[in-house]
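> My questions all concern the structure below.
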Amino acid sequence: MLKISKAKKEYKEKIKQYKRYSKKYFEDSAPIISDQDFDLLKKEILDLEKRFDFKDKNSPSKTLGFTPSKNFEKYPHRVKMLSLANAFNEEDLINFEKKILNFLNLNRSFEFEYSAEPKIDGISASLTYNSGKLIRGLSRGNGEEGEDITSNLKTISDIPHYIEHKDFPNDIDIRGEVFIQNTDFEKMKDSFANPRNAASGSLRQKDPEKTSKIPLKFVAYTFGFSSDQSMDKQTNFLIKLKKWGFKTSELNKKITGIKNLLSNHQNIEKKRFELNYDIDGIVYKINDFTLQKRLGFVTNAPRWAIAHKFSASNSVTEILNIDIQVGRTGALTPVAKVKPVNIGGVVVSNATLHNEEEISRKDIRIGDTVKIERAGDVIPHVISVDLSKRKKNSKKFIFPLNCPSCGSKTIKEYNSQTKKHDAVRRCTSEGFKCEKISIEKIKHFVSKDALNIDGFGKKIVQNFWEIGLIKLPHDIFSLNFDRISKLDGWGSLSVNNLKKSIQKSKKISLDKFIFSLGIRHIGQENAKLLSEFLKKKENFFRLKNQSYIEDLINIDGIGDTQINSLKMFFNEKVNLDVISNLSKSLDIQSFKEKNSNGRLKGQVFMFTGKLNNISRAEAKSLIESNGGKIVSNVTKKLDYLVIGEKPTIKKVDLAKKNKIKVINQKTLDEMLN
Ligand code: IVH
């Protein structure tokens, strides 16, 4: 019998060898052992992991065989690179259409024309062409700024360096997907879990020479900034892309109506494994650019597009344990630790069980043989239990009634809208009393959409918390770097990089600051609404006075749920300490009015009654894009009350009494042009 301690030593040794060999192979393109020996080494590592449940970040079971360079210059995207919402079935598509029909105030029977494009599972890139010359290529990065990977992108033969076409816009960002074909991936699959990782790793090589040796492909599908605004439809744009010399997908189609989208989805899903590259769904874009423009965006995704994913791959495995994770908002999420299985190129060892109800509904137990499913970037989950394989001595799983982290009472909140208790159980401790909640709050604080501290990942937060370097968000600004530099894995370069990124994160907009606090029900959208209303940090801090919080009900989009959550937040002394400390370290920028030259600049509007031909949501977005503002209460700040059909008389009377101008939709139309 191999002793654990001996096995561990052997395992660590093999990981070290593996790391050295893969670096030689990938970074230096100079393998020092044969492919067979390399495969054998990998298999031995995986066997040890299975037997002893060992883990190591450098293991071949963990995606990349080497870490790509982080030394690319950052460069802002002129137009943000967005992500897409997902749909998994017909119902999701119907809901997607319903929302846009409502937004555009169109009749239910209206049928949209779509551009349906396969969603290649690669890495997106944005190519800037100036007077026909490729001048810059960026990775997506965080959507707002990407990495300058021009030299690497230029090695891809599908990417033209010059375009001489009369109708090629003088200044344009062409966007598309960089990927690797499956047959090419075969040759390098020992070091990457899947083709996507291989493409990403290859694209971010320090040395473009090395990128050029890897047969990357590029398919174009959209544009960011463009000096030519005369294009009418996405499908026509795709035709132009081809004419200009870009590769476009041969599976792109123009399709009208959901029924036809579904049959196209079925056809392509059947064919997907015959293709020489991975696709994980079909992207549907409202074809008409005028409609796209009217629909606009929500935070990070357009309203006018959706990714219809293919059904997931699944696999059978065994539940080794059930962990209860505590999230930032106190939600207790059960997670099954399973015997590692490979599902569609990714090794899965955790699967979410969602919540307490899900466990009891499916009667999921430790030791059970289960089917788990993984779809794209969604967390794998358990779909069913194979009861025929259940062990005789298995016991029902008992969900803890107290928080496993701090021991506090847990509750299922009553939802006054659904008139039901939530399925999720939550830890009731407030502020930073619960260890797990505190750690999650700090992870959120440093994350991409909040302070965006580069290189301050979740593992580092966990580690720093455990050794007492950080307990509260503001501790990040008084870190003991002497101590950090003595920690395992921290060289002077990484310490300096961390210092720099912390320094850089200090300048922050008010909305990101509010979002970073992780207040329940205050996501990115609500944080933006608050910042727009409050304008400067002083007004946010004034919410300490609970009566000011009530005023926020004037913001269209903020309701009782958000108000109550803010009250709870400002009621907690530690939160007040945190924000006061943060305000000393951070340079919180006041809200900048957009469209300050808009024709409705500074004017405040409110609606009552039903509008004609246009939805409230679109009218709001129109007013806002012209510099105006919307509120949902008659106050002194209101300039215009817009009345539609069947207005609330009380509101009209109150407005008149306060000498607020009462206008109809026609007048609003005229004001907007
Ligand atoms: S359009 C405007 N078109 O999907 C919204 N994206 O989840 C996004 N992708 O980052 C760009 N095929 O990497 C668009 N035909 C296609 C696409 C596509 C793949 C990827 C792209 C993007 C991600 C969004």
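Read the figures in this text as sums done on the coordinates, not as results from a lab. Only a predicted model underlies this, so the values are computations on that prediction, with no experimental measurement involved. No Cβ is skipped: glycine too gets one built from the backbone with ideal geometry, and neighbour counts run over all protein chains shown.
> List every residue whose amide H lies under 5 Å from the amide H of residue 114, counting only residues 5 or more places away in sequence or on a different chain, with H placed 1.01 Å from N in the peptide plane.
255, 256, 257, 287
> If we sort 10-17, 541-548 on the protection proxy, mean other Cβ atoms within 10 Å, highest first, what's the order? Walk me through the intermediate numbers first.
Details: 10-17: 15.9, 541-548: 13.6.
Result, highest mean Cβ count within 10 Å first: 10-17, 541-548.
> So, one more: In nm, what is the difference between 0.36 nm times the number of residues separating residue 509 and residue 228 and their Cα-Cα distance? Display every interim value, and only then the final one.
On the way: separation 281, 0.36 × 281 = 101.16 nm, distance 3.17 nm.
Contour length minus the Cα-Cα distance gives 98.0 nm.
> For Cα pairs less than 8 Å apart in space and 6+ apart in sequence, what is the mean separation divided by the residue count of the chain, i.e. the relative contact order in percent?
It comes to 9 percent, rounded to a whole number.
> So, in nm, how far is label residue 411 from label residue 577 when the simple model puts each one 7 Å beyond its Cα toward the Cβ?
The two pseudo-label positions are separated by 2.5 nm.
> So, one more: Please compute the modelled spin-label separation between residue 78 and residue 395, points set 7 Å along Cα→Cβ, answer in nm with one decimal.
Result for the modelled spin labels: 6.6 nm.
> Given R₀ = 30 Å, what would the calculated FRET efficiency be for residue 553 paired with residue 95, taking r from the Cβ atoms and rounding to 0.05? It would help to have the intermediate numbers written out before the result.
On the way: r = 28 Å, r/R0 = 0.94.
In this case the efficiency is close to 0.60.
> Could you compute the FRET efficiency for residue 85 and residue 653, with r as their C-beta to C-beta distance and R0 at 56 Å, rounded to 0.05? Intermediate values should be presented prior to the final figure.
Numbers: r = 42 Å, r/R0 = 0.74.
Once the sixth-power term is evaluated, E becomes 0.85.
> Could you order peptides 406-412, 194-200 by the average number of other Cβ atoms within 10 Å of their residues, highest first?
Answer by packing, highest mean first, reads 194-200, 406-412.
> Then there is this: For residue 79, list long-range residues whose amide hydrogen, built 1.01 Å from N in the peptide plane, is under 5 Å from its own amide hydrogen.
Sorted by chain and number, the residues that satisfy this are 225.
> Measuring from a point 7 Å past the Cα of residue 387 along Cα-to-C-beta, which residues in the stretch 319-343 have an amide N at less than 19 Å?
319
> Next question. Whole-Hz Karplus ³J(HN,Hα) for the stretch 360-366, in order, using 6.51 cos²θ - 1.76 cosθ + 1.60 and θ = phi - 60°, x for Gly and Pro?
Taking θ as phi minus 60°, the curve returns 6, 4, 8, 6, 7, 10, 5 Hz for the stretch 360-366.
> Per 0.36 nm of contour for each residue apart, how much would the distance between residue 110 and residue 300 grow if the chain were fully extended, relative to their Cα-Cα spacing?
Working: separation 190, 0.36 × 190 = 68.40 nm, distance 2.67 nm.
Result: 65.7 nm gained on full extension.
> List every DSSP H helix in the chain whose Cα atoms extend 18 Å or more along the helix's own long axis and whose mean Kyte-Doolittle hydropathy is at least 1.6.
none
> So, R0 is 22 Å and r is the distance between the beta-carbons of residue 17 and residue 347; what FRET efficiency does that work out to, to 0.05?
Values: r = 20 Å, r/R0 = 0.90.
Working from the Cβ atoms, E equals 0.65.
> Using a 7 Å offset from the Cα along the Cα-to-Cβ direction at both residue 7 and residue 274, what is the distance between the two label points in nm, to one decimal?
Calculated label separation equals 4.6 nm.
> When ranked by the protection proxy of mean other Cβ atoms within 10 Å per residue, highest first, what sequence do the peptides 150-160, 526-536, 453-463 form? Before the final figure, lay out the partial values.
Working: 150-160: 18.6, 526-536: 20.4, 453-463: 16.7.
Listed from highest to lowest mean packing, they are 526-536, 150-160, 453-463.
> Let me ask another. Past 23 Å, Cα to Cα: identify those pairs from 3/50; 337/419; 537/629; 528/620; 471/573; 419/620, in the order given. Walk me through the numbers on the way to the answer.
Values: 3/50 15 Å; 337/419 34 Å; 537/629 20 Å; 528/620 15 Å; 471/573 15 Å; 419/620 30 Å.
Beyond 23 Å between Cα atoms: 337/419; 419/620.
> Got a sec? How would 294, 303 order by Cβ neighbour count within 10 Å, fewest to most?
Values: 294 18, 303 21.
If I rank by nearby Cβ atoms, fewest first, I get 294, 303.
> Could you work out how much longer the chain between residue 55 and residue 379 gets when fully extended? Use 0.36 nm per residue separation minus the Cα distance between them, nm to one decimal.
On the way: separation 324, 0.36 × 324 = 116.64 nm, distance 1.96 nm.
Answer, rounded to one decimal: 114.7 nm.
> As I understand it, the dipole of the chain uses +1 on the Cβ of Lys and Arg and -1 on the Cβ of Asp and Glu, about the Cα centre. Which of 548, 497, 93 lies farthest toward its positive end?
548
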